[in-house]
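This report refers to the structure that appears directly beneath it.
The values are calculated or read from the model by the stated rules, or taken from the named source; none is laboratory data. Predicted model only: the values in this text are computed from it and were never measured. Don't worry about glycine lacking a Cβ; one is built from the backbone with ideal geometry, like all the others, and counts go over all protein chains shown. Side chains included, ligands, DNA and RNA excluded: accessible areas come from the protein's heavy atoms. Shrake-Rupley method; radii C 1.70, N 1.55, O 1.52, S 1.80 Å.
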Amino acid sequence: MSVLTRDTVGRAGGRSAPGGAAPHRRRGWWTTRRRDQLAGLLFVAPQLAGSVLFVLIPLGLVFWYSLHEWNMLAGTFEFVGAGNYQAMADDPNLPSVLRVTALFSIGLVVFNLSLALLLAVLLNQRLRGTVVFRTLFFSPVVVSLVAWTIVWGFLLQDNGGVNGALGTVGMDGPNWLRGDWTALLSVIVVQVVKNVGLNMVLFLAALQGVPAELYEAARVEGANAWTRFRRITVPLISPTILLTSIITVVGSLQVFAQIAVLTQGGPGTSTTVLVYYLYQRAFQFHQFGYGATLSVLLFLIVLVLTVVQWRMRRKWVFHEQ
């Protein structure tokens, strides 16, 4: 048997590296990792371009316009610095507008989430006809917003369908859209009925993901229905509660069409929320710089509320504990 020496191996397979190590080959620039990174960037490029063009650039322009006084009728565009922000701080109507916005948002969030969760729990009982009721509750979500609001405008008139129904049982209903508190309540109810089906479906999907074994174990331990709901259902669907609360809060601060069609901010300023007040100052009074300043305020409010809800998730969201 012949013995292979290092020189023999070198002559057979080429010169080896010192110490017998395999020869090192330089890797090219176009590696698999870089190819995958480029493919990922190409996939997200349309979304990224849309976010830059339709979100980041408009936000920057709104802040830029808030530093100017833009009068389109006179064709002037003057830099005023913090003048619009000082005018916002001195605006006598803004406290009332913020109060109405807060009342509207609180009422909408409380009624929407409570009713959606109640309907989801009832529909989760797997009774006969639940598919029909689920369709009925969800159908307003896909109806045109303006058409929905116009129909409710007729129903809520002094001689409309709501007061007609109350009259059949001997009750005299108010003029819903002309009273200070009834107008705000009417807008809240119209918005809740319009969008409650979406949160209901989200809650129903979350409820169907709760393991039935947990309920059976709780029944064996003697827990009643309320205890099972409080100790099992709510913690396990808390991520969905967080999602729906963020969506509903942000949506409540952006409601415009319902108020523009039903009340136009009246009577007085009883239904003038911040979005509608922004519209009035910018497009009715042609104060575009001040309207941009109110837009910055609205953006900051939405940002703060969203961040607060997100930071609080560790305290009450089950999966974040």
*With the condition kept exactly as written, say whether any residue in segment 235-243 is aliphatic (A, V, I, L, M) and closer than 28 Å to residue 181 by Cβ.*
no
*Hey, does segment 57-70 have a residue that's β-branched (Val, Ile, Thr), modelled with pLDDT of 60 or more and more than 30 Å from residue 286 (Cα to Cα)?*
no
*asked:* For segment 1-34, give me each residue that is at pLDDT 50 or above and surrounded by 10 or more Cβ atoms within 10 Å (Cβ to Cβ).
replied: 31, 34
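Every residue, every condition in (1) at pLDDT 90 or above; (2) open to solvent by 80 Å² or more (accessible area, probe 1.4 Å), yes or no:
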position: 237; (1), (2): yes, no
position: 290; (1), (2): yes, no
position: 304; (1), (2): yes, yes
position: 317; (1), (2): no, no
*Output the residue which, of all residues in segment 44-69 that are farther than 14 Å from residue 295 by Cα and either hydroxyl-bearing (Ser, Thr, Tyr) or not in a helix (DSSP H, G or I) (or both), is most open to solvent (accessible area, probe 1.4 Å).*
69
*Tell me which residues, restricted to segment 159-196, are closer than 28 Å to residue 142 by Cα and among the basic types (Lys, Arg).*
194
*So is residue 294 assigned to a helix (DSSP H, G or I) and without any contact (Cβ under 8 Å) to a residue 60 or more places away in the chain or not?*
no
